[in-house]
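The values are calculated or read from the model by the stated rules, or taken from the named source; none is laboratory data. Keep in mind that what you see is a predicted model, and the values were worked out from it rather than measured. Cβ coordinates were reconstructed from backbone atoms using ideal geometry, including for glycine residues, and neighbour counts include every protein chain displayed. We work out accessible area using only protein heavy atoms, side chains counted, and drop any ligands, DNA or RNA first. Shrake-Rupley method; radii C 1.70, N 1.55, O 1.52, S 1.80 Å.
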Amino acid sequence: MSEIHLQPLKHLRGMLSKKELSAPELAQHFLARMKTHAHLGAFLATDEAATLFQAAAAQKRIDAGDTAPLLGLPIAHKDIFVTVDWPTTAGSKMLSGYRSPFDSTIVSNLAGEGAVCLGKLNCDEFAMGSSNENSAYGKALNPWDTSRIPGGSSGGSAVAVAAGLAAAATGTDTGGSIRQPAAFCGITGIKPTYGRASRYGMVAFASSLDQAGPMARSAEDCALLLSAMCGPDLDRDSTSLDVPKEDFSIGLNGKLDGLRVGIPKEFFGEGLSADVRAAIDAALKELEKLGAKLVPIQLPRTELSIPVYYIIAPAEASSNLSRFDGVKFGHRAGKYTDLLDMYKKTRMEGFGDEVKRRIMIGTYVLSHGYYDAYYLQAQKIRRMIADDFQNAFKECDVIAGPVAPTVAWKIGEKSDDPVANYLADIFTLPASLAGLPGMSLPVGFGAGNMPVGMQLIGNYFKEAQLLNVAHQYQQATDFHARRPEGF
Ligand code: GLN
């Protein structure tokens, strides 16, 4: 029983089928671990009664012979997906005490498959950040070294999975927020093609970039979750793609013989620290052993992805966050003189520094006189970045490289330096801007014995291929199965 939280989802599901364990017992196991590891700061909201209610309902379905693959498995959601049964804050004071009247599509898709929700997970405020230090509700600690950040913005999700507080979790990725915390905490995560996962009920940061995806211990676990999460939601999300649901577990047996893995030279330049590079190089050798061929490629505008993203994302955020005015949602200032004063005080009190910074940048780049110089230029370069990928995919099937230039840094190390945080996003931003699927899988350890993640980027709708490459790697190695000491 004590090792239950280390088991793959398929194994847990098998135990439930064989009645070696009931869904409520399984939920209790994780609820107990969540309590004893509360100091990690992974969860923002829990409600045992709500969790156990779902577990009991799942057990009924199991007893009735329902074989749905996620039925009865305890997962947790990034606190950016709205939920009826748990409050939703998006890591912001602005939404403290907010409860949604409906579930987001991702939450209801997973609940429909019978997954049991353990609660809501810590994240950077409105998903803006890469260390979880921007959460208004406190830090989340990396279980591999609690003096270090877990990454962000889906930091709580990565901590919960790495520390065995949830069997798997959901996250969102706008510019790397699934891939980077997965890398920093030694777990596996995938961001699908933009438009595959519904954004309905996902608190919006930058709408043309935001995508949901799973964070779990292995590619196999991710495939199970992703299959349930994705699918068209045309009536509720205007950017949802009319692409049929797919079972991503089916393609997990493909051999890698002859697979062309593109190695972008721009991902292996000066900025990449030697320890991360060594782990990635070893992983690439392993892929070669499995039959893959490494092909040098170029993504010449990689560096530009930072200014482009940090114009477009704040521009969209400044518009999206205008809805938080003290009238419709969450926080409202206690004292004010007139309507304008109410707006001002509400937003001054409700938003944290990073969010205010981005609203200001976004408003500036969209303003008359600067729109052409910044926003329009950024959009043009975004298109070129997407074209660069299409050129690269003429020569390779998937692209591999690091997720981040370093391993997880120390808490506080970059918290006063927003630009240092932005620069660390360099390898995840290009795929986000192009709307391509990208994933992160653990491939070794670097400085301070911290996990290193390798990134795989695929062409549009090639999630199954990415998951297969990661799965083949994970069949041949055991980095995904390593756990921080004591967990
Ligand atoms: N670190 C990036 C940012 O701060 C990405 C965040 C995300 O993907 N949500 O915007």
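Summary table
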{"read-out": "Taking the stretch 86-181 and dividing mean pair separation by its residue count, relative contact order in percent (alpha carbons under 8 Å, at least six apart)", "value": "23 percent"}
{"read-out": "Percent breakdown of C-alpha pair distances by 20 Å bin, ordered from the shortest bin, for the chain", "value": "26, 60, 14, 0"}
{"read-out": "Taking the stretch 309-395 and dividing mean pair separation by its residue count, relative contact order in percent (alpha carbons under 8 Å, at least six apart)", "value": "38 percent"}
{"read-out": "Whole-Hz couplings from phi, Karplus 6.51/-1.76/1.60, listed for the stretch 165-179; x for Gly and Pro", "value": "9, 8, 6, 6, 8, 9, x, 10, 9, 9, x, x, 5, 9, 5"}
{"read-out": "Selection of trypsin sites (Lys or Arg not before Pro), the stretch 293-338, meeting DSSP coil and at most 13 other Cβ within 10 Å", "value": "Lys328, Lys335"}
{"read-out": "Whole-Hz couplings from phi, Karplus 6.51/-1.76/1.60, listed for the stretch 440-456; x for Gly and Pro", "value": "10, 9, x, 10, x, 10, x, 3, x, 6, 8, x, 10, x, 9, 9, 10"}
{"read-out": "Total formal charge among the other residues, if their Cβ is under 14 angstrom from that of Arg199, Lys/Arg +1 and Asp/Glu -1", "value": "-3"}
{"read-out": "Heavy-atom accessible area per residue - the chain, 1.4 Å, Å²", "value": "37 Å²"}
{"read-out": "Estimated distance in nm for a label pair at Ser147 and Lys265, the labels positioned 7 Å out from Cα along Cα-to-Cβ", "value": "4.0 nm"}
{"read-out": "Long-range HN-HN contacts of Gln211 with modeled amide H, under 5 Å", "value": "Asp173, Thr174"}
{"read-out": "Nearby aspartates and glutamates by direct alpha-carbon distance to Lys335 (threshold 13 angstrom, same-chain neighbours under 8 apart not counted)", "value": "Glu349"}
{"read-out": "Whole-Å distance, taken between Cα centres, linking the stretch 277-352 and the stretch 36-102", "value": "25 Å"}
{"read-out": "Volume of the Cα convex hull of the stretch 15-73, divided per residue and given in Å³", "value": "81 Å³"}
{"read-out": "Nitroxide proxy distance, nm - points 7 Å out along Cα→Cβ at Arg61 and Asp353", "value": "4.5 nm"}
{"read-out": "At most 10 other Cβ within 10 Å, DSSP loop - GluC sites (Glu not before Pro), the stretch 186-280", "value": "Glu270"}
{"read-out": "Of Lys93/Lys139; Lys255/Lys293; Lys10/Lys120; Lys191/Lys394; Lys120/Lys245, those spanning more than 19 Å from alpha-carbon to alpha-carbon", "value": "Lys10/Lys120; Lys191/Lys394; Lys120/Lys245"}
{"read-out": "Label-point separation in nm, Asp242 to Tyr371, each point 7 Å along Cα→Cβ", "value": "3.1 nm"}
{"read-out": "Fraction of accessible area attributable to carbon and sulfur, the chain (%, probe 1.4 Å)", "value": "54 percent"}
{"read-out": "Packing-based ranking, highest mean first, of 410-423, 5-18 given that Cβ atoms within 10 Å are counted", "value": "5-18, 410-423"}
{"read-out": "Length-normalised contact order for the chain - Cα pairs under 8 Å, 6+ apart - percent", "value": "17 percent"}
{"read-out": "Peptides ranked, highest mean first, by Cβ atoms within 10 Å: ranges 195-207, 147-159", "value": "147-159, 195-207"}
